[in-house]
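**Student:** Let me begin by handing over the structure; questions about it come next.
The values are calculated or read from the model by the stated rules, or taken from the named source; none is laboratory data. Here the structure is a predicted model, which is why all the values come from computation and not from measurement. We place every Cβ from the backbone using ideal geometry, glycine too, and count neighbours over all the protein chains shown. Side chains included, ligands, DNA and RNA excluded: accessible areas come from the protein's heavy atoms. Shrake-Rupley method; radii C 1.70, N 1.55, O 1.52, S 1.80 Å.
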Amino acid sequence: MLPRIQILLALVTLLLHQILSLSSVSIKTLKQPSTAKKQQQQQQQQDVPSAINSIAFRAALKKPGSLRYLSDWRQYSQSVLEQIQHELAQNLPHPINQTATDQLTWDLGNAADDGIMPSFSNAGARAGYALGLLQSRARMLADLLQGDTVEPPFDDNNNLLFLNTTCTNRHCNLLSIGGGPGYDFLGAALVASFHNERAAFAAKAPAGYGTRNQKCTNTNLTIRATVYDYEPGWTDLVETMTRVAHSIFPTSSANNYQCHFGGRCDITLPLSTNINQCILKDTPTTDVFVCQYCVAENAAQLRRDNFVFFRNLLDLAPEGAVLVFTETTHRLWPELVAAMSGGFEVSFPFLKRGRNGVCLLVRKKQEAKILSDQHLATCKRFALHQEMNERRQQNGFVRQQKKKK
């Protein structure tokens, strides 16, 4: 009996040994793909410029406005923004304070309802805000400037900065109002870099291919952006964002895109006040003014003086200058348009990509016609939405915080 037990124990021991050996091999085998994947990701990061250039090369061979051209633009913009966001995460001037970031997000939601601006004084909250919204905010402006909208912004069928069908030497002075970390600079530079790289490849394309015959070979689009904001703490993030962008954009044109923090501003006060003196000086030479997500959170004080800041801006802006507004809600656009004076035309573009609302574009044009029947109807509909929202507030609506998991 005893020998049988010994034999059984020996077999069990041998079996366990084999199982453990197989497990160890399996574990090693499982670890190898993880290491390989990490190496692959590192290699992809090193090949970012070439990957971005390859998309621009494909776009150079496509007809502007075509579906394939649009697909290349979206891939290009997405690739660049993902890399900028990744690099910014490694180079933030302050660590992210997630609790403060969540509180700021909550306060901004309330600001959209009551029109009272929250504080951006917490550096950790600014870092979280800058990183979390980078892709959506920069992409929104880029798509507007690229003309990636349901309908052309204006009747002339051109986008704001760069024509889709004609490439010429162009320079754009952009003024970012309440521009915080530099999203507006990224959006404009993204469009410029796409056209610059596409034109560079088009110049090398064989005769008869793509844009070769569209006289697109001498394009040199440049962006000079100045960021103004009520919160002076954004200075270091604007500098970091610009530096990171230069490291990602193709080196052949990276120096074409410059950005700096110009100082403080207050959109609830006239341009003639001391805090707005720098904007007052820059306005006559600015081509594009961008104000993203600043109107709703300051609505209470903006209404007090009938949007005097933006009225002054349009009055002093050069002919053809464009004011770009994006917001969490379209309900304030009728009031803003009604406050404007002089010759101008408006557009309410809707972007094709992303979950974005209706934007507002105001272009200075001395001989512009009055608002069309379609625009008047749109304003009337938006005003009705505002009345409904005010009624909801009066009936005791309170925004609810998300439940923590």
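**Student:** Run the numbers for residue 99 and residue 151: contour at 0.36 nm per residue of separation, minus the present Cα-Cα distance, in nm.
**Tutor:** Result for the pair: 14.7 nm of gain on full extension.
**Student:** Let me ask something else about it. Counting only protein heavy atoms, what percent of the accessible surface of the range 251-339 is carbon or sulfur at a 1.4 Å probe?
**Tutor:** Numbers: 1690 of 3370 Å².
Within the range 251-339, the accessible surface is 50 percent carbon and sulfur.
**Student:** Please give, to one decimal in nm, the separation of the simple spin-label points placed at residue 89 and residue 316, each 7 Å out from Cα toward the Cβ.
**Tutor:** The two pseudo-label positions are separated by 4.1 nm.
**Student:** Largest first, what is the accessible-area ranking of 106, 73 with a 1.4 Å probe?
**Tutor:** 106, 73
**Student:** If you don't mind, another one. At a Cα cut-off below 15 Å, give the aspartates and glutamates reachable from residue 365, other chains included and same-chain residues fewer than 8 away excluded.
**Tutor:** Straight-line reach from residue 365, under 15 Å: 155, 156, 287, 315, 319, 345.
**Student:** Also, quick follow-up: Around residue 134, with a cut-off of 13 angstrom between Cβ atoms, what is the net charge of the other residues, counting Lys and Arg +1 and Asp and Glu -1? Mind dumping the intermediate values first?
**Tutor:** Working: positive: 126, 137, 139; negative: 82, 87, 184.
Computed value for this residue: 0.
**Student:** Let me ask you something else. What number comes out for accessible area per residue over the range 262-405 if the probe is 1.4 Å? Units Å², please. Can you show the working numbers first?
**Tutor:** On the way: 7750 Å² over 144 residues.
Roughly 54 Å² per residue, with all protein chains present.
**Student:** When the chain is fully extended, how far beyond the present Cα-Cα distance does residue 235 get from residue 303, taking 0.36 nm per residue of separation?
**Tutor:** Using 0.36 nm per residue and subtracting the Cα-Cα distance, I get 21.6 nm.
**Student:** Taking the highest mean first, how do the peptides 381-391, 187-197 order by number of other beta carbon atoms within 10 angstrom per residue? Provide the component values of the computation, followed by the final result.
**Tutor:** Values: 381-391: 13.5, 187-197: 26.6.
For the peptides 381-391, 187-197, the packing ranking is 187-197, 381-391.
**Student:** Residue 374 to residue 247: extension gain in nm, 0.36 nm per residue of separation minus the Cα-Cα distance?
**Tutor:** 41.2 nm
**Student:** OK, next. Considering the dipole of the range 72-141 built from charges on the beta carbon (Lys and Arg +1, Asp and Glu -1) around the Cα centre, which of 101, 124, 91 is farthest to its positive end?
**Tutor:** Ranked along the dipole, the leading option is 91.
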